[in-house]
Amino acid sequence: MPSESCVALHWSGPAAPYAGRVSAESAAARLRAALDLYATGESMLRQRLRRERPDAQPAEIDGEIQAWLQRRPGAEFGDFPGPASKRRLGGR
């Protein structure tokens, strides 16, 4: 029986870089790193938008960031290779 400090990952095929078990601490560290990268990316985008539009109100910058997140430049059809999903998210 696996210990409770392990997380089972169920990837298959060529995109299975971590097939097997990873410790919960390792999985948590990767999640924290991913969230930190997201926050850094959003901060960089916010700074760029402020430079490009110095007179913009904070609400306008927030709106631009939300629009950018919805457009997903470079990943319009998702982040994983394969056919695009037909699901509609967020009323789009």
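Read the figures in this text as sums done on the coordinates, not as results from a lab. No experiment lies behind these values; they were computed from the predicted model shown. FYI the Cβ positions are ideal-geometry reconstructions off the backbone, even for glycines, and counts take in every protein chain you see.
Efficiency by 1/(1 + (r/R0)^6): what FRET value for A33 and A67, r their Cβ-Cβ distance, R0 = 25 Å, to the nearest 0.05?
Numbers: r = 26 Å, r/R0 = 1.05.
Rounded to the nearest 0.05, the efficiency is 0.45.
Rounded to the nearest 0.05, what FRET efficiency is calculated for S43 and E76 with R0 set to 30 Å and r the Cβ-Cβ distance? Provide the component values of the computation, followed by the final result.
Working: r = 23 Å, r/R0 = 0.77.
With R0 = 30 Å, the Cβ-Cβ based efficiency is 0.85.
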